[in-house]
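Quick note: the coordinates plus some simple rules give every number you see, no bench work behind them. Just so you know, these numbers come straight off a predicted model, no measurement behind them. Here Cβ is always computed from backbone atoms with ideal geometry, including for glycine, and neighbour counts include all displayed protein chains.
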Amino acid sequence: MMKIDAIEKEFDKEKLSGIIGPLIVWYEKYARSLPWRENADPYPVWVSEIMLQQTRISAALPYFKAFMDRLPTVSDLASIDDDELLKLWQGLGYYSRARHLKEAAQKVMMDFDGVFPVTFDKLLSLPGIGRYTAGAVASICGNQPVSAVDGNVLRVLCRYLNLEIDVLDVSCKKAAENVLNEIISKDKPGVFNEAIMELGETVCLPNVEPNCPICPLCETCLGYKTGEAKNLPLRKKKAKRKQEKRIVFLLMTDSKVALLRRPDKGLLANLWELPNVLSEISSADVADVLHEMGVESLSIQPLGEAKHIFSHIEWHMVGYKVRVKKETAGFTWVTREELLREYPVPSALEFYLKKF
């Protein structure tokens, strides 16, 4: 890990100061029209920032609309039932973010009289809010001159300055934040933060050739001049994900399917799932496993293989549709309508749920 002060010297303040004006002018002319940009209300801005941490804007838009239609105020969010909240979040993944949203909303109701804070320090006191989100909300909604540094911002900075530093080093993010805090626009800090993020999302794109000819910074961008922009930023290779082999059972009567509640801590906490076992068995052993689960099967039909990738683990699954004689004890049996309406199930199991 590099020292923060050493990295700060790499982020040339004098040169970076020159991007503020052009970015603000560009953004005010070309910014996309998005629902959370309609006003400076911190509640929808906050919800959008949490949703967009691991989700593209195009994918998040329908979720944001459904969320705000059902929970238009922080008070509504603070009082919603957990299962209904997770159902609203289903498909976005990283369900701990949804739980933190509710915890933060409850803290706003208790500690801030239901008024969502817009200062950096108070925002940091809320569950699930880190420095990036606090900086975004504080600058956009509170006009505080604080930076909001995420992967998009780091990519733009590294390409603009032609920096070959590892952006996954936590010191890199903190150094960039410190430098931007010194030079950020005092009149329009929120516009600047949105502008540099917008540039990273629409022009200075990751994993593909950046669209340099339409970039408002291309004339002074060192990465563009040297031809190295597409190769930046640098990232150390991540450790390989752990792989788990699972057998998934779609246990069905004529009208219902069996579900189990996951533990209240850990991966996919408190969500509902199809019964499954952490194992690699042959099809000949499936009946024995079902018997151990207390399930009396009428028929067993292979459903094929599926894979789901989480951030640090991969599920490699083999599924079976099992017709049962009766609703076996120990499971929650639900109809298709109840499943769709009330029970949050992780998208990891979507391949098999479609067979119900």
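Each of 109, 197 was scored by other Cβ atoms within 10 Å of its Cβ. Arranged with the fewest first, they read 109, 197.
Residue pairs exceeding 30 angstrom between C-alpha atoms, taken from 65/122; 9/225; 29/87; 325/354; 65/325: 29/87; 65/325. Each Cα pair under 8 Å and six or more residues apart adds its sequence gap; the mean of these over the residue count of the chain is a relative contact order of 17 percent. Ranking of 121, 169 by neighbouring Cβ atoms within 10 Å, starting from the fewest: 121, 169.
In order along the stretch 303-314, the Karplus-derived 3J(HN,Hα) couplings, from 6.51 cos²θ - 1.76 cosθ + 1.60 at θ = phi - 60°, round to 10, x, 9, 8, 9, 9, 9, 9, 5, 10, 8, 10 Hz, and Gly and Pro are given as x. By its C-alpha gyration tensor, with a ≥ b ≥ c as the square roots of the eigenvalues, how is the stretch 199-356 shaped: rounded for a/c under 1.5, else prolate for a/b larger than b/c, else oblate? Note, shape of the stretch 199-356 comes out prolate.
The spacing between the stretch 182-232 and the stretch 1-72, judged by their C-alpha centroids, is 13 Å. Once backbone amide H atoms are built at 1.01 Å from N, residue 321 has 250, 301, 303 as its partners under 5 Å, excluding neighbours fewer than 5 places away on the same chain.
In the chain, helical runs assigned H by DSSP with n ≥ 4 each contribute -39500 (n - 2.57); averaged across all residues and rounded to the nearest 500, the mean residue ellipticity at 222 nm is -12500 deg cm²/dmol. Phi angles of the stretch 316-331 translate, via the Karplus equation with coefficients 6.51, -1.76, 1.60 and θ = phi - 60°, into HN-Hα couplings of 10, 10, 10, x, 9, 8, 10, 7, 10, 6, 8, 6, 5, 5, x, 10 Hz per residue; Gly and Pro are given as x.
Each residue of the stretch 70-79 is assigned a 3J(HN,Hα), and the resulting list reads 7, 10, x, 10, 5, 5, 4, 5, 5, 10 Hz, derived from the Karplus form 6.51 cos²θ - 1.76 cosθ + 1.60 (θ = phi - 60°), x at Gly and Pro. For trypsin sites (Lys or Arg not before Pro), the sites in the stretch 1-62 that DSSP calls loop and that have at most 11 other Cβ atoms within 10 Å are 3, 32, 56. Averaged over every viewing direction, what's the projected area of the C-alpha convex hull for the stretch 1-84? Give it in nm², one decimal, please. Seen from a random direction, the Cα hull of the stretch 1-84 projects 9.1 nm² on average. The fewest-to-most ranking of 116, 356 by surrounding Cβ atoms within 10 Å reads 356, 116.
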